[in-house]
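Scroll down for the structure; my scribbles are underneath it.
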Amino acid sequence: MYLYIPVKQQLFNSVIGNYVSYGIECVEVKSEQAERVAFVSDVSVDFRFVTDLALKCTLGQLSPYHLMDVIEDEL
C-alpha cells in the first residue's frame, strides 16, 4: 500500500528569500514496515492543494513512478 504525505519545507531562493513550501512523500507500507519510495520537493506553497493531491494519490494507489507526471499535470 502506498501512502502519499504532504511534507512542510523551509526553503530559500536567492530572489525571494526564505519561504515555506510543501512537497509530497510516498511511503510504501508492507506488513509492519514503512519505506520512503519517492519524494518530490517544493510542489506548491498552497498546503490545501498539496494535501488534496496527496489524498487523491493515496486513494487511487498511484504508482510512485508516476508521481512527477501527476504533479506536472495538476499544476
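Nothing in this text is a laboratory measurement; each read-out follows from the coordinates by a stated rule. Values in this document were obtained by computation on a predicted structure and should not be read as measured data. Don't worry about glycine lacking a Cβ; one is built from the backbone with ideal geometry, like all the others, and counts go over all protein chains shown.
Data table
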{"read-out": "Residue with peak Gaussian network fluctuation, the chain [Cα springs, cutoff 10 Å], from 15, 50, 37", "value": "15"}
{"read-out": "Low-density loop positions, GluC sites (Glu not before Pro), the chain - DSSP coil, at most 13 other Cβ in 10 Å", "value": "32"}
{"read-out": "Whole-Å semi-axes of the chain's equivalent ellipsoid (Cα gyration tensor)", "value": "24, 13, 10"}
{"read-out": "Spacing of the two label points (7 Å from each Cα toward its C-beta) at residue 41 and residue 68, in nm", "value": "1.4 nm"}
{"read-out": "Theoretical gain in end-to-end length, residue 59 to residue 30 [0.36 nm per residue, Cα-Cα removed]", "value": "8.8 nm"}
{"read-out": "Lys, Arg +1 and Asp, Glu -1 on Cβ, resulting dipole of the chain about Cα centre, debye, nearest 20", "value": "200 debye"}
{"read-out": "Euclidean distance between Cα centres, region 1-27 to region 36-56, Å", "value": "7 Å"}
{"read-out": "Integer Hz, Karplus 6.51/-1.76/1.60 couplings in order for region 61-69, x for Gly and Pro", "value": "6, 4, 5, x, 5, 9, 4, 4, 4"}
{"read-out": "Whole-Hz ³J(HN,Hα) from phi, Karplus 6.51 cos²θ - 1.76 cosθ + 1.60, for region 36-48, glycine and proline x", "value": "5, 10, 7, 8, 10, 7, 6, 5, 6, 8, 8, 4, 4"}
